[in-house]
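Student: Let me begin by handing over the structure; questions about it come next.
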Amino acid sequence: MTPNSPVPALAPQSTYSDFFQGVGLLGRAFGLIFRTPKLFLLSALCALVTLVALVGLVLLLWNYTPELINAIVARPDTWYGKALWQLVLVLTFVVLLVIGATTVPPLLLAPLQDPLSEATEELCGGFQAPPFTLPAFFRGVVTGVLHTLTRLFFLVLGLVVLLPLHLIPGVGSVLWTVLVSLWTMLWMAGEHLAGPMTRHLYPFSEVRRMLRERRALCLGFGAGVYLLLWVPVLNTFFLPVAIIAGTLLYRGLRATGQLPPPPSATPGARA
């Protein structure tokens, strides 16, 4: 680790401050973006695509969420029934927007995720990105999309498992929203920690182990990304910030020794 390295100094074992350190990774990521021209240009491009995607999602959900809720539960005639129906509508809109925001932009921006992560890791020291070649670029795009789709499957699987909570009268939808939000936060942490670990050929079992052993740290990171989605203007940067912060988290875990050296023997795996 170089003297000016942005790698976070994490405790070798889980501590009470882990959650706040996880949230703080986003501040580190923002600092790197505005101090590094290459990261700024890549992040600005990501932000532009994300902005278009988020505006499209809001318009789509604004028009069709009421129809979706009405198809599941017809709008009641009583005033309290209408109030509860509206609450379910708002909660469903919020959850679907978060799900859409965490799935659509990553798929659109798959070609930029590895370059952004590699540029971040170069700033951390002890790493040199492999030279650009067209075949490697297309392999990276295909691999990135396939891995993102695989991780999205687990996100949707969790949502489906929790779906029967809607059948509980009154509190079911509220409980579903809370649990789905927590699941999404943890999934976000796994999604963006898995990015650099996948580049270095770690098996996904190692990602799961980090999520389990450093649960508070990862949940804080995921919660920070989740909350960032609701901050106007800044939310367009949520994906590049999450990618950079996830890379910093990976290097921080490497520095503690809790995560073993990467199994990859390629030049791009030196860290």
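Student: Could you list, in sequence order, all residues of region 104-150 that are of a type in the set (S, T, N, Q), surrounded by 13 or more Cβ atoms within 10 Å (Cβ to Cβ) and modelled with pLDDT under 70?
Tutor: 143, 148
Student: Condition (residue is under 23 Å from residue 223 (Cα atoms) and either surrounded by fewer than 13 Cβ atoms within 10 Å (Cβ to Cβ) or touching a Gly at 6+ places or on another chain (Cβ under 9 Å) (or both)) applied to region 32-44: is it met by at least one residue?
Tutor: yes
Student: Still on this structure, please answer the following. What are the residue pairs meeting all of these: first residue in region 35-46, first residue without any contact (Cβ under 8 Å) to a residue 12 or more places away in the chain, second residue assigned to a helix (DSSP H, G or I), Cβ atoms under 7 Å, and 6 or more apart or on different chains?
Tutor: Final answer for the pair search is 40/33; 40/34.
Student: Looking only at region 157-197, which residues are modelled with pLDDT under 85 and touching a His at 6+ places or on another chain (Cβ under 8 Å)?
Tutor: Scanning region 157-197 gives 172, 173, 176.
Student: What are the pairs, 6+ residues apart or on separate chains, where a residue within region 210-236 that is acidic (Asp, Glu) has its Cβ under 9 Å from a residue that is surrounded by fewer than 23 Cβ atoms within 10 Å (Cβ to Cβ)?
Tutor: As it stands, the answer is 213/13; 213/14; 213/258, since those pairs meet every condition given.
Student: Is it true that some residue in region 199-222 is surrounded by 24 or more Cβ atoms within 10 Å (Cβ to Cβ), more than 30 Å from residue 72 (Cα to Cα) and in contact with a His (Cβ under 8 Å, 6 or more places away or on another chain)?
Tutor: Within region 199-222, one or more residues are surrounded by 24 or more Cβ atoms within 10 Å (Cβ to Cβ), more than 30 Å from residue 72 (Cα to Cα) and in contact with a His (Cβ under 8 Å, 6 or more places away or on another chain).
Student: Consider region 156-204. How many of its residues are part of a helix (DSSP H, G or I), over 18 Å from the mean Cα position of the chain (by Cα) and without any contact (Cβ under 8 Å) to a residue 12 or more places away in the chain?
Tutor: Residues in region 156-204 being part of a helix (DSSP H, G or I), over 18 Å from the mean Cα position of the chain (by Cα) and without any contact (Cβ under 8 Å) to a residue 12 or more places away in the chain: 6 in total.
The values are calculated or read from the model by the stated rules, or taken from the named source; none is laboratory data. Model, not experiment: these values are computed from the prediction. A quick note on method: Cβ atoms are made from the backbone with ideal geometry, for glycine too, and the neighbour counts reach across all protein chains shown.
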